[in-house]
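Notes follow the structure.
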Amino acid sequence: MTRPLDLSRRALLRASLTIGGGLALQAILPGVAQAAASEGAPITAFVTIAPDGVVTILSKNPEIGQGIRTMLPMLIAEELDVSWKDVRIEQAPLNEAVYGRQHSGGSNSTPENYMRLRRVGAAGRQMLIEAAAQEWSVAPEECETEAGVVHHRKSGRSLTYGALAAKAAARKVPDLASVKLKDPKTFKIIGQRIPGVENARIVTGQPLFGIDVSMPGLLHAVFEKCPVFGGKVKSANIDAIKALPGIHDAFIIQASEANPSKDPEGLVDGVAIVAKSWWTANKAREKLEIVWDEGVGATQSSEGFSALAAKLLGEAPATVLRNDGDADAAMKTATKVLEASYSYPFLSHIVLEPQNCTAHFKDGKIALWAPAQNPGPGRKLVAKTLGLQESDITVHVTRGGGGFGRRLQSDFMAEAAWISRKVEAPVKLLWSRRDDMQHDFYRPAGFHKFKAGLDEKGGLVAFTDHFVTFGKGGKPANSASTMPVTEFPAMLAPNLRYGQSVIESNVPTGPMRAPRSNALGFAFQSFIDELAHAAAKDPVAFRLSLLGEPRSVPSDPAKPEPQKDFNTGRMRNVLARVAELSGWKNRDKLPKGTGMGVAFYFSHLGYFAEVVQATVSTSGAIKLDHVWVVGDIGAQIINPAGAEHQAQGAALDGLGTALGQKVTLEKGRVVEANFDSVLPLRIDQAPPVVVEFITSDFPTTGLGEPALPPVAPALCNAIFAATGKRIRQLPIDTNLLKA
């Protein structure tokens, strides 16, 4: 959960009349008034009630397919007590001074907004009740609401919200700290399966996404960057490109001018081509002749990284992250010692909608239309790039065709802004698929060397991991950051040591869905499975024995945080349930070549356990038969339809990365350029995914990420069960599985 609400301050609530006598409700939520003073980021929500009773709710965070444009307004609508059929949803404008941080990432939308937006709705309901009570000269306590109507049961009178809106706007501001919230048992919207509010527009192809933006006089741009990260333009045949039919302009962009501070998200060297159509600009790009200074990055390669990692793994870690007990001594007395090395590659986000941004620079100001996950920092980057004040920049947040963390970076916004200012016209910059794959902020690759000791009963007595990651100056890069010292089985193994070494690299990295966890889950949960088999124990039973009795295990005993600390009981519950749901105890009855694997993971405050059933043919081909997912994300599933889709999507996403995705570097260049080499999961590969949630007595948390980490190790463990062959490197090489 987010920090506790500061209810000692009176929350500010402003209500004003709208055209036609409706009610516009804006609330700065409790717990944010104090934050506003120190952080300058109050969170706000708007509700408008029209005279006809239609309620328009603004959704403050960017929608990238995770369903929050539906889910967040559900919270307000529930407590406002309106019928969902009367609700209309609009995207809130970017105004972080009013709304607070507007972002989509880290599965934070639910924990940050669950209670806060409910209070916004409850405040509006209270104002409407008070307006009706005044109209009828009765006590507010005698009034009640239902589906957008205030009732006075004693007299049989009632008034619609639309009729009361103008009077409610004049009411005294309620204290959000004291507004009465509904008993969850009475919820009529929260907890219901509600389809996405834009589903119909999506399936009928109506314009919603950044790539759909159009306007009079719009030009189209492409931007060719050096294939080696950090490379610079020495020269280019600009005049020849300008002379081509349909070309409006072409010019060199140099980072020394556009990004002198070397912001990692800022502009890099390249050549921009602007034309009347994107096709014309992209075809002209094929005729570009650029001489690059590729720099030191041209010496780096995946092969070289692997060789260096092998060398480092043979040495002592450069940094010890955690050291409990005496792992070395415990290994010496262990009945059985197991060692294994695991690795995984760089990954591209491969969002289906490539990066794009439309920018219109005019009269010293600029407007942008962008499918950004982080529009506030994006505006800051554009201001820094163009030397403007943020007040001179308007960002219109469009729906994003996927995000997965890629659109947390705003490089595409800076590029479009610079190009628009240069040509003094509205410009839509659209990346090609090659641009998208070869100029990403990649999920970092990683290497692990595990060692563990078991006692005579198969109990874990010692565990070590040497983790090799990427960075600069000995410091891990973005999202290659230091492995969490709480990574399971930390705190549960008596003798444990985690160490880390860093490979120098100039490959740009960034968060990908379930950052760090998406890779660590594969490595750790696969090795845990190896230990289960070495101990001759059922993999589920072995994990339950590691978890021990239900309890909260604080990462810092001096500062326990129930929501963030690892709760073995919650994990035991989801693990036991997924075993039951999947028919785990009957796995020995599966046909030859078919196996079931299990894994669990705690990330982003969510507890998930998953079982994958897969069949491996004698040719090594993998068929995904079935996936079972059980999760615990707290006391309330806000929108079961959206929650189920998120968990299913996360599982399928994780399977796709395990089966066919990698980014390979040669001479500093990314080799892969399209979906012929980076393979998303195809429809005919996708298995049935059964999802079930266990509600627990904990605050409601987010769901975009925590269902992803367990699925890849569960698949690899299933492959072992089917073939006896252990997968220790991703993506899975099916040649190794041939009979």
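Computed from the coordinates by the stated procedures, all read-outs in this text should not be read as laboratory data. Because the structure is predicted, anything quoted here is derived from the model rather than measured. So basically every Cβ, Gly included, is an ideal-geometry build from the backbone, and we count neighbours across all protein chains shown.
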Dipole-positive endmost among Ala579, Gly593, Pro494 within the chain (Cβ charges, Cα centre): Ala579
Between segment 102-161 and segment 607-682, the alpha-carbon center distance in angstrom: 42 Å
Sequence ranges 207-216, 564-573, ranked by mean other-Cβ count within 10 angstrom, highest first: 564-573, 207-216
Rh by Kirkwood over Cα pairs, then Stokes-Einstein D for segment 326-367 at 1.002 mPa s and 20 °C, µm²/s: 126 µm²/s
Three-way shape label, segment 92-165, alpha-carbon gyration tensor, a/c 1.5: prolate
Shape of segment 483-598, Cα gyration tensor, a/c cut at 1.5: oblate
Using θ = phi - 60° and Karplus 6.51 cos²θ - 1.76 cosθ + 1.60, couplings along segment 519-530 (whole Hz; Gly, Pro as x): 9, 4, x, 4, 5, 5, 6, 6, 5, 4, 5, 4
Amide proton proximity set for Arg322, modelled H, under 5 Å, gap of 5+: Tyr498
Segment 334-453, relative contact order [Cα under 8 Å, separation at least 6], %: 45 percent
Listed pairs Lys384/Lys472; Lys332/Lys451; Lys242/Lys276; Lys537/Lys725 exceeding 22 Å between Cα atoms: Lys384/Lys472
Under the Karplus curve 6.51 cos²θ - 1.76 cosθ + 1.60, θ = phi - 60°, whole-Hz ³J(HN,Hα) for segment 646-651, x wherever Gly or Pro sits: 5, 5, 5, x, 5, 5
Whole-Å semi-axes of segment 324-435's equivalent ellipsoid (Cα gyration tensor): 47, 17, 11
Extreme residue, positive dipole direction of the chain, given options Trp279, Ala445, Gln126 (C-beta unit charges): Gln126
Rel. contact order, % - alpha carbon contacts under 8 angstrom, at least six apart, segment 516-624: 20 percent
Distance histogram in 5 Å bins (all Cα pairs of segment 622-702, percent per bin): 3, 13, 19, 17, 13, 12, 10, 7, 4, 2, 0
Centroid-to-centroid separation of segment 197-233 and segment 525-572 [C-alpha atoms, Å]: 45 Å
Rounded to 5, percent antiparallel among DSSP beta bridges of the chain: 75 percent
Least to most buried among His448, His396, His360 (fewest other Cβ within 10 Å first): His396, His360, His448
The chain: relative contact order as a whole-number percent, Cα under 8 Å and 6+ apart: 13 percent
Fraction of beta bridges assigned by DSSP in segment 46-104 that are antiparallel (%, nearest 5): 40 percent
Along each principal axis, Cα extent of the chain, largest first, Å: 82, 72, 48
Total charge dipole magnitude, segment 404-454, about the Cα centre, Cβ charges on Lys, Arg, Asp, Glu only, Debye to nearest 20: 300 debye
Estimated dipole of the chain in Debye, rounded to 20 [Cβ of Lys and Arg +1, of Asp and Glu -1, Cα centre]: 400 debye
Ranked by how many other beta carbons lie within 10 Å on average, peptides 377-386, 80-89 from highest: 377-386, 80-89
Mean Cβ neighbour count within 10 Å, used as a protection proxy, ranking 296-305, 268-277 highest first: 268-277, 296-305
Unit charges at the beta carbon, dipole of the chain: most positive-side option, Ile350, Gly402, Ala658: Gly402
Within segment 605-739: Cβ-based charge dipole about Cα centre, in debye rounded to nearest 20 (Lys, Arg +1; Asp, Glu -1): 680 debye
